[in-house]
Amino acid sequence: MAKKTKKTDFIASGVVAENHRARFDYNISEIFVAGLVLTGTEVKSLRLGHANIKDAYGVVEKDEIYMSNMFIAAYDNQGYASHAERRNRKLLLNHREIIKIINSLSRKGSTLVAVKLFFDNRGRAKLEIGLGTGKKLYDKRETSKERDWNREKARLMAH
């Protein structure tokens with residue numbers, strides 16, 4: 001039997017899932033906000049916060065951009081129809097943005113990474129995606145040192 005959910009458990013607007021490793025693993029040069037083509041059970045599952053975009057990346061198919069490997073859990077109170085948890089989901093972008101992303105992805109080492117999944121003020125599911133290149137190990141160490149120094153600096157300034 002499915003677990004009962006209260007009205008207060010639903011996310012009306014705000015962040016559903018965030019990829020904290022995206023900015024650590026990639027030098028993100030440009031950010032886009034895209035809509036998603038979703039089914040009804042996917043939206044209901046997102047409203048409960050059952051999503052993971054940690055491994056999601058962008059794929060180009062027939063001059064359209066899809067987000068691959070994005071996990072949205074199956075909805076518990078589903079009827080006869082459900083959705084595949086890891087399917088390619090189409091991103092809704094302007095034509096200029098699509099061309100810009102396709103041209104950027106054609107360069108070596110460039111990738112399209114999911115940064116944040118959220119509901120906007122109108123209740124629509126949006127995905128913040130970033131165009132970036134992978135960092136080397138020494139870049140990651142530098143990022144870690146900089147973050148630690150900023151934390152220490154803030155601690156010193158507070159005292």
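Nothing in this text is a laboratory measurement; each read-out follows from the coordinates by a stated rule. Keep in mind that what you see is a predicted model, and the values were worked out from it rather than measured. Cβ placement follows ideal geometry from the backbone for every residue including glycine, while neighbour counts extend to all protein chains displayed.
Would you mind getting me the FRET efficiency between D139 and R87? Use the beta-carbon distance for r and R0 = 35 Å, nearest 0.05. Display every interim value, and only then the final one.
Details: r = 33 Å, r/R0 = 0.94.
Computed FRET efficiency for D139 and R87 comes out at 0.60.
Sequence gap at least 6, Cα distance under 8 Å: using those rules, report the relative contact order of the range 15-106 to the nearest whole percent. Mind showing how you got there, number by number?
Details: 123 pairs, mean separation 26.8, N = 92.
RCO, the range 15-106: 29 percent.
Label sites at H159 and R21, each approximated as a point 7 angstrom past Cα along Cα to Cβ, lie 3.5 nm apart.
Between V37 and I11, the modelled label-to-label distance comes to 2.3 nm, taking each label 7 Å out from Cα in the direction of the beta carbon. Which label marks the calculated value of volume of the Cα convex hull per residue in Å³, given the options (1) 112; (2) 164; (3) 101? Evaluating volume of the Cα convex hull per residue in Å³ on these atoms matches (2).
The residue list V16, L38, V113 was ranked by how far each Cα lies along the charge dipole of the chain toward its positive end, using unit charges on Cβ atoms, and V16 comes out on top.
Helix 95-105 axis versus longest C-alpha principal axis of the chain: approximately 50°, rounded to the nearest ten.
Residues F24, F119, arranged from fewest to most other Cβ atoms within 10 angstrom of their Cβ, appear as F24, F119.
About its Cα centre, the dipole of the chain is roughly 280 debye, where the only charges are +1 on Lys and Arg Cβ and -1 on Asp and Glu Cβ. Report summary: the helix-based calculation at 222 nm, which adds -39500 (n - 2.57) for every DSSP H run with n ≥ 4 and divides by the residues of the chain, gives -8500 deg cm²/dmol.
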